[in-house]
Amino acid sequence: MSKLTGTYSAVAAYEFTTLTTVPGVLQYKGAKIQILDLPGIIEGAQDGKGRGRQVIAVARTCSLIFLCLDVLKPLTHKRLIEHELEGFGILLNKSPPNISFKKKERGGINMTNTVPLTHLDLDQVKAVLGEYRIHNADINFRCNATVDDLIDVIETRIYIPAIYVLNKIDQISIEELDLIYKIPHAVPVSAHHEWNFDELLEKMWEYLNLTRIYTKPKGQLPDYSAPVILRQNNRTVEDFCNSIHKTIVKEFKYALVWGSSAKHQPQKVGLTHMLNDEDVVQIIK
């Protein structure tokens, strides 16, 4: 945290040094990214031990989670933290099952599916819903779901990408480092020597899935100093306008777009046009 953002966060040679949430801001590829250094999670955190509930509640609001692990015992700590997060409804590096679920007041359980189901049938679905005292609902399966997938949807679990930051690689051999690289979603670093921070930041950017859009005032050159940052699934011209000011859409006539999303340079587009990373946009009112 201290090395990435310049914000002081206590460090020491022992575990659980951070006792309170410490905020900091990292500037990367023109984007300002807020980082929160949270207290460590101990076994039983989901039940409230060590202020675990407060810590995990903050983690639920994040777009990406860094799990900082000791490279000398990464898998032990990894399993423990994942278990505690799952107990609080946070699933890491998983995609939500393609299931639509809606409770209703009457009519019983109405189940439909657009793909063959090999793990579930209507009786099993009713049994699972009955455990949650749900007797009236519409449920549509658009994937070959399992019982666990159905439970995830009922309990409205959230899905957050995570990077396992394996620290202290200066204390292991090259052969051990090769093995560490085989752990999915992991980036080995040395915070003390600032080794491999470039790879960590690049993976952070990849997992956040952000899009940079540059503005171009009429008659001027594009402003490359302060891009508008959009999420990958919210990157239409309308999203771009709303991120600047909500009133722009009301006065919007069309936009001129330069970049990889444009068929020609510039392209005249409407509010539904999908923007790509590093496009340049000029709004015409």
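Every number here is computed from the coordinates shown, using simple stated rules; none is lab data. The model shown is predicted, which means the values in this text are computed figures rather than measured ones. FYI the Cβ positions are ideal-geometry reconstructions off the backbone, even for glycines, and counts take in every protein chain you see.
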Under 8 Å for C-alpha pairs, at least 6 residues apart: give me the relative contact order for the range 48-183, rounded to a whole percent. 38
Nearest 5 is fine: what % of DSSP beta bridges in the range 99-154 come out antiparallel, could you say? 50
Segment THR20-ILE229, length gained on full extension (0.36 nm per residue, minus Cα span): 72.4 nm
Neighbour net charge for ILE160 - beta-carbon separation under 11 angstrom, K R +1, D E -1: +3
Taking the Cα centre of the range 210-284 as origin, sum charge times position over the Cβ atoms of Lys and Arg (+1) and Asp and Glu (-1), and report the length of that vector in debye to the nearest 20. 200
Straight-distance crosslink candidates among lysines, where the alpha carbon sits under 21 Å from LYS102 and sequence neighbours closer than 8 are dropped: LYS126
Below 14 Å, Cα to Cα, which aspartates and glutamates can LYS103 reach? Residues fewer than 8 away in the same chain don't count. ASP138, GLU155
Under a Cβ-Cβ cut-off of 14 Å, what is the net charge of the residues other than ILE134 that fall near it, where Lys and Arg count +1 and Asp and Glu count -1? +2
Which percent, to the nearest 5, of DSSP beta bridges fully inside the chain are antiparallel? 55
Could you order the peptides 73-79, 100-106 from most to least packed, using the average number of other C-beta atoms within 10 Å per residue? 73-79, 100-106
Options SER100, ILE81, ALA145, ranked by Cα towards positive dipole end of the chain, top entry (Cβ charges): SER100
So what is the relative contact order of the range 99-154, in percent, for Cα pairs below 8 Å that sit 6 or more residues apart? 55
Give the shape of the range 210-284 as rounded, prolate or oblate, defined through the alpha-carbon gyration tensor: a ≥ b ≥ c are the square roots of its eigenvalues, a/c under 1.5 means rounded, and otherwise the shape is prolate if a/b is larger than b/c and oblate if not. rounded
Give the lysines reachable from LYS203 as a straight Cα distance under 30 Å; neighbours fewer than 8 places away on the same chain don't count. LYS3, LYS29, LYS32, LYS73, LYS78, LYS94, LYS168, LYS182, LYS216, LYS263
Just want to confirm a number: the relative contact order over the chain, from Cα pairs under 8 angstrom separated by 6+ residues, in percent. 14
Taking a ≥ b ≥ c as the square roots of the Cα gyration tensor eigenvalues, with a/c under 1.5 meaning rounded and otherwise prolate when a/b beats b/c, else oblate, which class fits the range 99-154? prolate
When a/c reaches 1.5 or more, the comparison of a/b and b/c decides; with that in mind, is the chain rounded, prolate or oblate per its Cα gyration tensor? oblate
